[in-house]
Structure formats: structure tokens, C-alpha cells
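Laboratory data are not the source of any read-out in this text; all were calculated from the coordinates shown. Just so you know, these numbers come straight off a predicted model, no measurement behind them. Here the Cβ positions follow ideal geometry from the backbone for every residue, glycine too, while neighbour counts run over all protein chains shown.
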Ligand SMILES: [Zn+2]
């Protein structure tokens with residue numbers, strides 16, 4: 001993983017299963033951003049079934065692509081200390097200057113529209129099929145990700161309390 005190489009699905013699922021078997025997960029847990037592909041989801045289902053467990057809910061936080069591109073392109077990072085800001089949601093006192101160290105702020109390659117669109121392409125190809133997968137399993141719930149972040153959180157908490 002440190003080398004940025006892809007990790008086989010079964011190994012990832014083993015790591016997840018080890019983690020959710022720990023004491024602090026005995027009343028439940030949330031997997032954030034995992035699984036990302038159908039093979040991962042199938043491997044996870046198999047591993048959980050062996051332990052007599054299953055996924056209760058899969059939560060789809062829906063945000064249109066254009067919102068994601070807009071949000072990401074507003075992010076700024078300090079070249080010196082790495083602090084991150086957003087020109088709309090978390091602006092600095094002085095435009096283009098880091099509040100913490102006075103360093104210069106840049107738009108990282110990762111946040112540029114062309115990079116974000118590429119990642120969204122991978123998402124639509126590999127991750128979006130999970131929506132059908134979990135719909136068929138009867139566990140999919142949708143949350144509007146364009147509303148205030150506190151309201152998104154509240155909506156997720158409400159689903160988990162069902
Ligand atoms: Zn800085």
C-alpha cells in the first residue's frame with residue numbers, strides 16, 4: 001500500500017474484517033468509502049456471512065459531478081505547511097496566503113478539474129454499479145449530499161437509527 005500499488009480485494013477484505021472484529025465495533029461500525037467495486041462488495045459479503053453478519057445499510061451520498069468539480073477546484077493548499085483551505089467554504093484572511101505560516105497557496109493537481117473528472121470517470125465505471133448491487137440487496141439508502149454538511153450527517157444518523 002505504501003508503494004501505491006493496488007491491493008488484492010481479498011486482502012483488503014481481510015484487513016477490514018480484522019478491524020470490525022475489534023471490541024469497539026461490537027455495537028456496529030461504518031465503512032467509509034469501502035467497498036469501491038463489485039468484487040470487493042462480494043468478497044465482503046462472503047466474509048461477513050462466515051461470521052453470521054451482513055451489511056445493514058449502504059448509504060449513497062448523492063452529489064452531481066459538476067458540484068464536485070466546482071468544490072474541488074476551490075480548494076487551495078499551502079506549499080510550505082500543507083494546510084488546506086477553500087476559496088468559498090474555508091477562505092484565508094489574505095487571498096492566496098496561508099493563515100498558519102504565510103506560505104503561498106496553490107491549486108493541487110489532484111484538485112484540478114481534469115484530474116477530478118478522470119477520477120469521477122473511474123467512480124462511475126467501478127463504484128456506481130454498487131448502487132444497483134445494494135438496491136437489489138434491499139439495503140440502499142440515499143442522502144442528498146448537496147445540503148449543509150451537518151444536515152447530511154443528521155440524515156445519515158437517522159438512517160442508522162432505523
Ligand atoms: Zn502554510
Query - Between 0 and 90°, nearest 10: helix 38-50 axis offset from the chain longest Cα axis - result: 50
Query raised in the report: What is the helix-to-structure angle for 149-160, meaning the angle in degrees between its Cα long axis and the longest Cα principal axis of the chain, kept from 0 to 90 and rounded to the nearest 10?
Result: 0
Query raised in the report: For the Cα atoms of the chain, what angle does the longest principal axis make with the long axis of helix 9-20, in degrees from 0 to 90, nearest 10?
Result: 90
Query raised in the report: Using the Cα atoms as the points, what is the convex hull volume per residue of the chain in Å³?
Result: 159
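Where does the chain land at 222 nm, in deg cm²/dmol rounded to the nearest 500, when only DSSP H runs of n ≥ 4 count, each adding -39500 (n - 2.57), divided by all residues? Could you put the intermediate results ahead of the total?
On the way: 6 runs with 64 residues, N = 162.
Rounded to the nearest 500, the figure is -12000 deg cm²/dmol.
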Query raised in the report: Remind me, what semi-axes does the range 1-55 give for its equivalent ellipsoid, largest first in whole Å, using sqrt of 5 times each Cα gyration tensor eigenvalue?
Result: 20, 14, 10
Report summary line: Expressed as a whole-number percentage, the relative contact order of the range 1-134 with C-alpha contacts under 8 angstrom and at least six residues apart is 23
Query raised in the report: Taking the alpha-carbon centroid of each part, what is the distance from the range 119-161 to the range 15-94 in angstrom?
Result: 11
**Report entry** DSSP beta bridges in the range 46-162 [antiparallel fraction, %, rounded to 5]
**Finding:** 60
**Report entry** R0 of 25 Å, Cβ-Cβ distance residue 118-residue 151: FRET efficiency to nearest 0.05
**Finding:** 0.25
Report task. Could you tell me whether the range 64-140 comes out rounded, prolate or oblate from its Cα gyration tensor? Rule is a ≥ b ≥ c as square roots of the eigenvalues, rounded for a/c under 1.5, then prolate if a/b exceeds b/c, otherwise oblate. Result -> prolate
